[in-house]
């Protein structure tokens, strides 16, 4: 049976330096890469005006999505039957 070599480093010389043509950018952050002071204050739980938050709608939308996802994941629990299956597979202590 023949396997494909999927190593992305295969064929590159060890001394070859790879320089990206464009700098990598995080698409979720503002181009400056810095969260505005208003959004930072809002994340810290400080009172912030809606107008100040309106200046950074992408940041606010991102952090609201993060909050919703983490809230949902905090409520997740392993079903009892799965926990029982895991415990049954553990070896007995001697």
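The values are calculated or read from the model by the stated rules, or taken from the named source; none is laboratory data. What you see is a predicted model; the values in this text were computed from it and never measured. For neighbour counting, all protein chains shown are included, and Cβ atoms are generated from backbone atoms with ideal geometry for every residue, glycine included.
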Odd one out for residue 94, checked against (1) modelled with pLDDT of 85 or more; (2) exposed (fewer than 10 other Cβ atoms within 10 Å of the Cβ): (1)
One residue is enough: does region 63-78 have a residue meeting the conditions surrounded by 10 or more Cβ atoms within 10 Å (Cβ to Cβ), under 17 Å from residue 34 (Cα atoms) and at pLDDT below 90? yes
